[in-house]
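Asks: Mind looking over this structure? Questions follow.
Derivation of every value follows stated rules applied to the coordinates shown; laboratory data play no part. Computed from a predicted structure; not experimentally measured. Cβ: placed from backbone, ideal geometry, glycine included. Neighbour counts: every protein chain shown.
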Amino acid sequence: MFNIILFGPPGSGKGTQSEKLIQKYGLKHLSTGDLLRSEIANQTALGLEAKKVMDKGELVPDEVVIGMISSAIDANVDAKGFLFDGFPRTAAQAEALDKLLALKNAPIAVMLALEVSEEELITRLMKRGETSGRSDDTNMETIKARIAEYHKKTTAVADYYQQFEKVASVKGEGSIENIFGALCNEIDLRKEQ
Ligand code: AP5
Ligand code: MG
């Protein structure tokens, strides 16, 4: 198994690049944001609770997303590997993920971190808000809250994987194809080992 984390602030291009990476490497895409939005669309109790938190730009509780990821891993026993997008987002989530993957004897190979300036993040998210239907994209206050939450709680995840020398930073500005190429280079370096 070959497992990757695609990391970065809101709007850094995790979803965009994930689509391309899973095709090239045959990985299963696990995005906690997508899983939560599907719970909202299905109007489940979990989805209704999560929506209140997401609309404020805050993180949903660790136990909720860890439970979702644990079920998704168990539901995909035949996967060649997983691409985690938007998870883990706290140090506690990172520790929980490592424990889940240790059970499968399939650790994280690399955490790819997309680097994008705050100005560019805001421009991208405001633009997407015009068409996405995502309620957390529609106002500047929520977008800024999401970025603040990232600095407060999520950058700790990079520190966590740095101690195992698993972090590779990639510039997330420029053309989608060039960024994809840079991400593939980092993956291929690790696959050859
Ligand atoms: P989530 O769905 O994960 O959203 P996010 O991290 O805020 O990021 P986005 O999905 O908005 O951006 P992205 O990095 O995927 O970029 P994208 O490719 O879309 O989380 C939403 C919420 O769910 C959270 O706020 C939280 O409440 C909750 N949640 C989720 N996971 C959680 C967890 N683990 N723990 C707790 N709570 C959790 O690109 C953005 C835009 O830019 C697009 O319009 C795209 O077309 C454009 N774009 C992409 N690349 C480029 C480029 N190179 N140049 C120009 N434009 C580009
Ligand atoms: Mg996304």
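Asks: Per-residue HN-Hα couplings for segment 171-186, Karplus 6.51 cos²θ - 1.76 cosθ + 1.60 at θ = phi - 60°, whole Hz, x for Gly and Pro?
Replies: 3J(HN,Hα) across segment 171-186, in whole Hz: 5, x, 10, x, 6, 4, 5, 5, 5, 4, x, 5, 5, 4, 4, 5.
Asks: Normalised by the number of residues in the chain, what is the relative contact order in percent for Cα pairs under 8 Å and 6+ residues apart?
Replies: Normalised by residue count, the contact order of the chain is 32 percent.
Asks: Now, a different point. So how do 110-117, 36-43 stack up, highest first, on mean other-Cβ count within 10 Å?
Replies: Descending mean neighbour count gives 110-117, 36-43.
Asks: Hey, another quick one. Would you mind computing Rg(Cα) / (2.2 N^0.38 Å) for the chain, counting N as its residues?
Replies: Compactness ratio reported: 0.98.
Asks: Near LYS171, which lysines are there with a Cα under 29 Å away, not counting those fewer than 8 places off in the same chain?
Replies: LYS171 reaches LYS14, LYS20, LYS24, LYS28, LYS56, LYS80, LYS127, LYS144, LYS152, LYS153, LYS191.
Asks: Considering only DSSP states other than H, G, I, E and B, which trypsin sites (Lys or Arg not before Pro) in segment 103-165 qualify as loop sites with at most 16 other Cβ atoms within 10 Å?
Replies: In loop regions of segment 103-165 (DSSP not H, G, I, E or B), the sparsely surrounded trypsin sites (Lys or Arg not before Pro) are LYS104, ARG134.
Asks: Hey, fewest Cβ within 10 Å first, where do PHE87, PHE164, PHE2 land in order?
Replies: PHE164, PHE2, PHE87
Asks: Also, I was wondering about something else. About the Cα centre of the chain, how large is the charge dipole given +1 on each Lys and Arg Cβ and -1 on each Asp and Glu Cβ? Please answer in debye to the nearest 20.
Replies: 220
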